[in-house]
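Coordinate-derived values only; no laboratory data. Quantities reported herein were computed from a predicted structural model and do not represent experimental measurements. Here the Cβ positions follow ideal geometry from the backbone for every residue, glycine too, while neighbour counts run over all protein chains shown.
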Amino acid sequence: EAGVAQSPRYKIIEKRQSVAFWCNPISGHATLYWYQQILGQGPKLLIQFQNNGVVDDSQLPKDRFSAERLKGVDSTLKIQPAKLEDSAVYLCASSYGGLSNEQFFGPGTRLTVL
Amino acid sequence: GQSLEQPSEVTAVEGAIVQINCTYQTSGFYGLSWYQQHDGGAPTFLSYNALDGLEETGRFSSFLSRSDSYGYLLLQELQMKDSASYFCAVRDLNAGKSTFGDGTTLTVKP
């Protein structure tokens, strides 16, 4: 079974530029999550999709971040314009639900904003 | 809202047993999960507790006390490869959203 795919793996941009990340979840997983993980901290949920609907985006900085999951499969997360404090690893995860709601994480995109 | 507390660092020797505690505050608790993350890697699921008691999976066990808002991860027969960060995560009652703690860095020494 293929895992969660993310691209790119690394990205370096200057502040005020825009950037987009892509995620393809495990086939059949209805729930997709985007997390931001700053060095030394735990993953922080940015947005959660159930199929192509948003379940929670309470911690998404909506003035600069946007995300979509148009066909209920893959998803993109965009930052425009980027700030220095956006430097982090952006993790995508998916789950099929179930009792434990086990989340399967992709390798992440390491973003550096200069 | 939700908040979790876990120790920032733990050190132990190979072959030993270590316990990583997690206390949480939440408005709607559904379950407590544990994830392992090696440096530069992605978090991987270890265990989940929805009910009070101990869940055992090989060398790893996880415990939950809902009345105390407390859980722990127990790692036995420590190996060097267990050196990693360990995160507890509380699952919300309503939307299934999980909030992660800031992690405990475990260093296993020879």
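Per-residue Karplus couplings for the stretch B:43-55, computed as 6.51 cos²θ - 1.76 cosθ + 1.60 with θ equal to phi - 60°, are listed in order as x, 10, 5, 10, 6, 8, 10, 10, 10, 4, x, 10, 10 Hz, Gly and Pro entered as x.
Fully extending the segment from A:Leu99 to A:Gln59 would add 11.9 nm, taking 0.36 nm per residue of separation and subtracting the current Cα-Cα distance.
For the stretch A:8-114, compute Rh as the Kirkwood radius over C-alpha pairs and then the Stokes-Einstein diffusion coefficient at 20 °C and 1.002 mPa s; write the answer in µm²/s, rounded to an integer. After rounding, the answer is 155 µm²/s. Length gained on full extension, B:Glu77 to B:Asn94: 2.4 nm, using 0.36 nm per residue less the C-alpha separation. Counts of other chain beta carbons within 10 angstrom of each beta carbon in peptide A:30-43 average 4.
The length gained by stretching the chain between A:Ala30 and A:Lys71 to full extension, at 0.36 nm per residue less their Cα-Cα distance, is 13.7 nm. Backbone amide hydrogens, once placed in the peptide plane, bring B:Ala16 within less than 5 Å of B:Leu78, excluding anything fewer than 5 places away on its chain.
Taking trypsin sites (Lys or Arg not before Pro) across the stretch B:34-89, the ones in a DSSP loop with at most 13 further Cβ atoms lying within 10 angstrom of their Cβ are B:Arg59. The Cβ shell under 10 Å around B:Ser33 holds other residues with a net charge of 0, Lys and Arg each +1, Asp and Glu each -1. Short-range pairs are left out: with C-alpha atoms under 8 Å and at least six residues apart, the relative contact order of the stretch B:27-110 is 30 percent. Of all lysines in the structure, those lying under 30 Å Cα to Cα from B:Lys81, and not within fewer than 8 positions of it along the same chain, are A:Lys11, A:Lys44, B:Lys97, B:Lys109.
In terms of its Cα atoms, the protein assembly as shown spans 48, 38, 35 Å along the principal axes, sorted from long to short.
Over the stretch B:1-66, Cα pairs under 8 Å with separation of 6+ residues give a relative contact order of 22 percent.
The mean count of C-beta atoms from other chains within 10 Å of the C-beta of residues in B:34-46, rounded to a whole number, is 4. Within straight-line reach of A:Lys78, meaning a Cα separation under 19 Å, sit the following aspartates and glutamates at least 8 residues removed in sequence or on another chain: A:Glu14, A:Asp56, A:Asp57, A:Asp63, A:Glu68, A:Asp86.
Evaluated with a Cβ-only charge set (Lys, Arg +1; Asp, Glu -1), chain B carries a dipole of roughly 180 debye about its Cα centre, given to the nearest 20. Could you tell me the center-to-center distance, by alpha carbons, between the stretch A:61-103 and the stretch B:31-110 in angstrom? Distance between centres, Cα-based: 23 Å.
Legend: translational diffusion of chain B by Stokes-Einstein, Rh = Kirkwood radius over C-alpha pairs, 20 °C, 1.002 mPa s; D = 154 µm²/s. Summary value for chain A: 37 percent relative contact order, contacts being C-alpha pairs under 8 angstrom separated by 6+ residues.
In this structure, the amide hydrogen of A:Ile47, modeled 1.01 Å from its nitrogen in the peptide plane, lies closer than 5 angstrom to those of A:Trp34, counting only residues at least 5 positions away or on a different chain.
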